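Working notes for the structure below.
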Amino acid sequence: MPIFTNSTGWILATRSTAYALGLNDAGALTHCYWGPRLPDLADYPPPPSPGGWSSFNLPAQLTPEEFPGYTGNTFIEPCLKVTFADGVRNVVLGYVGATILPGPVPTLAITLEDGFYPLRVTLLYRLYEAYDLLERAVRIENLGTEPMLIERIWSALWHLPQDGRYRLRHMVGRHLDEAILRHEPLSEGVKRLESRRLASSHHHSPWFAVDRDPAIDLGQGADEGTGEVWFGALAWSGNWQIAAEVTDFGSTRIGLGLNDWDFAWRLGAGETFTTPVSYAGYTAAGFGAMSRCWHTFIREVILPGARQVQKVFYNSWEATHFDVDEASQIDLAAIAASLGVELFVLDDGWFAGRNDDTAALGDWRPDPHKFPHGLTPLIRRVHELGMAFGLWIEPEMVSPKSELYRTHPDWVLHFPTRARTESRHQLILNLARPDVQDHLIAQFDRLLTEQSIDFIKWDMNRNVSEPGWPAAPGEPREVWVRYIEGVYRVWGTLRERHPHVVWQNCSGGGGRVDLGLMRLADQFQLSDNIDPTRFLAMQEGFSQIFPANTMHAWVADLPASHLSLRFRFHVSMCGILGLGGHLAQWTPEERDEAAALIAQYKTIRTLVQFGALYRLRSPQRHAFAAVLYVAPDRSEAVLFAFRTHLPAQTRLPPLRLQGLDPQRHYTIEGQPEVRSGAAWMHLGLHLHLDDFASCVVQIRQV
Ligand code: GLA
């Protein structure tokens, strides 16, 4: 059992890391340690004793509490704010007891209670020992007879070692431009990242990675291959918040959880509320090791389906937009199949009255003009061609011009006295309402039962405006959480009833990519941006935490581009390869080349989708970029390299490989010598690439 107790508290040990907490002299539940696993239990430091030296600098400010309530003169970011029925806004939590629950994922449950008010808080710590990851969540119970109002409840506060100064790595972006990495020093004050959009968003992402700031802790920062990194994420698809706080006393902590902006939750007598979970881990081997830790965990624990190789797909959206019908889609399907495509996806435009984006969301029946015999003939033909069939839907939305809206105008998020702001001519159904959820479940359950559909692309093409819930039975600000729980319920129920379906998560591209939806969706669309050089950069951003077998990557048409078809394919072959071009307009030579590249992808995709990823050179920082995927047994690997623009006389630096076994010998396509893994990793190999050229190189143990 990896949960140990000592005289003051608990040590949670994974394969190579440990996290310790305990009760200090004043009885406060206090963080003690987070870092590498140490040889002896006695090595872990005891809880810090409260200090303090003036009426302004009090002990509470110096104590790294595990889950501080808003109380006393601490002035730090609290994890919990509650207003009690009598108006008191002050939470005083005291330790009551702890339980250790054994099992495949051992759990430590620590109970805290308010000494005066009937409030119980249980801190849950679950250990994924083999994955070096810890999960935290919080359960809060009203043990009394009157309601209380929760105004903030975070899932975790992660404390960094007290001796350090740190940098925060995180992701920024926007629609069509997702997943840009930032890495910045943290100093006194709070760096807040959040979403207020009712989606985890294109703009920031609910994860963090922290390393030591080498400018201050000399020489101690992390890079891709070395150095200490503390990292974490929140499994939530709605409004979230990360507050990276450096206190005035130099203590750094990262709080994360539901965003408290416009949030409130009425906890009635006898009721319980449980937060989303936060995962976190530590590595001494840099950001690359962090990513591989996430990738394995996501593949083996988070993703819903059993391990399955993701198919090569075709989706006509970028080629034909709303202009779809039975005959033209069958033509495209025939070409796609002849190139080796395995999944054909019919995107937007297939349902009644959907000729552009101004109408019809909500009315999910085939358009009688475009598909006079329904979808059956197309689906049958796709299956005859040996491909799976996929369909686009956008369940959470409604067009004002639709039958659904005419029947249920009250089903959308709105304030009765305010105009309903449209984006892309659509409004958001209030999925906090159980009747709306039931309607969606019934409608899409019918669709999936009546039609032989193998794949669903679930889209969500706008963010919130008026977050009103006029008929809310209780506190209307619960809508932020209840909406997302509604999405999870609808998606989860459909998934359960149709277990053979593969689900893709899209929100105008990568607008809702998070560990919450990754429990329900097998893959996600990175972006609506189809430019391969941006795609390369986005893969670097998303791959910080998400594995290649979740990243849909399509080759679309780029008229007048200087990038070759081969370059564009190579970029997409770094994830789940797909096509999005107008295949009927491709020349015979282009089709032959595409067929050959698809065939090549099929020979390496197990390595790409399930191998260990090594980012050798960053496309966000260099014009010469490379990634390597290594088989778990290190017997083979595949290398992708890309050169965008560099002055002609530039000699590419040697590409030093990683992740090979130093003792074994490997041969590399295009290189005459057989060399040890050590030699390839230390000396590297020389590639000759012209501007805007790329290569895929296989590496095999001899
Ligand atoms: C979003 C998606 C696109 C496409 C369109 C359809 O923008 O990201 O891939 O499905 O919607 O309207």
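Structure notes:
- Straight-line cross-link partners of Lys457 among the lysines, defined as a Cα under 24 Å from its Cα and at least 8 positions apart when in the same chain: Lys311, Lys370, Lys401, Lys602.
- What the chain shows is 37 Å² of accessible area per residue, with the surface traced by a 1.4 Å probe over protein heavy atoms.
- The chain - mean residue ellipticity at 222 nm from DSSP helices (-39,500 (n - 2.57) per run, n ≥ 4, rounded to 500): -5500 deg cm²/dmol
- Nearest-0.05 FRET efficiency for Arg89 and Glu384, computed from C-beta distance (R0 51 Å): 0.15
- In percent, rounded to a whole number, the relative contact order of segment 81-125 is 30, using alpha-carbon pairs under 8 Å and six or more apart.
- Cleavage-rule hits, GluC sites (Glu not before Pro), segment 105-188, DSSP coil, Cβ neighbours within 10 Å at most 16: Glu188
- Look at the dipole of the chain built from charges on Cβ: of Leu58, Pro377, Ala641, the Cα furthest out on the positive end belongs to Ala641.
- Cα centroid separation - segment 59-116 against segment 530-549, whole Å: 39
- Whole-number percent relative contact order across the chain, with pairs defined as alpha carbons under 8 Å at least 6 apart: 10
- When the chain is described by a simple charge dipole with +1 on each Lys and Arg Cβ and -1 on each Asp and Glu Cβ, the residue from Ala42, Ala626, Leu655 located farthest towards its positive end is Leu655.
- Estimated dipole of segment 338-441 in Debye, rounded to 20 [Cβ of Lys and Arg +1, of Asp and Glu -1, Cα centre]: 200
- Packing-based order for 152-165, 511-524, using average beta carbon neighbours within 10 Å, highest first: 511-524, 152-165
- Remark: segment 53-58, residue by residue, has Karplus-estimated 3J(HN,Hα) of 9, 7, 5, 9, 10, 9 Hz, where x stands for each Gly or Pro and the curve is 6.51 cos²θ - 1.76 cosθ + 1.60 at θ = phi - 60°.
- Oblate is the label for segment 301-359. Its Cα gyration tensor axes, ordered a ≥ b ≥ c, give a/c of at least 1.5 and b/c at or above a/b.
- HN-Hα J in Hz across segment 639-644 - Karplus 6.51, -1.76, 1.60, θ = phi - 60°, x for Gly and Pro: 10, 10, 10, 9, 10, 9
- Net charge dipole, segment 156-287: roughly 320 debye, given to the nearest 20, about the Cα centre with Cβ charges of +1 for Lys and Arg and -1 for Asp and Glu.
- Using R0 = 56 Å, the C-beta based FRET efficiency linking Thr606 and Thr71 works out to 0.55.
- Fraction of the pair-distance distribution of the chain above 37 Å, Cα-Cα pairs, percent: 42
- DSSP-defined beta bridges in the chain - what % are antiparallel, rounded to 5: 80
- With a cut-off of 19 Å on the backbone N, the residues of segment 576-619 near the modelled label site 7 Å out from Asp557 along Cα-Cβ are 578-595.
- Taking every alpha-carbon pair under 8 Å whose residues sit at least 6 apart, segment 498-582 reaches a relative contact order of 25 percent.
The values are calculated or read from the model by the stated rules, or taken from the named source; none is laboratory data. All values reported here derive from a predicted model rather than from experimental measurement. Quick reminder, even Gly has a Cβ in these numbers, built from the backbone with ideal geometry, and neighbours come from all protein chains shown. Areas reflect the complete protein model, heavy atoms only, side chains present, ligands, DNA and RNA absent. Shrake-Rupley method; radii C 1.70, N 1.55, O 1.52, S 1.80 Å.
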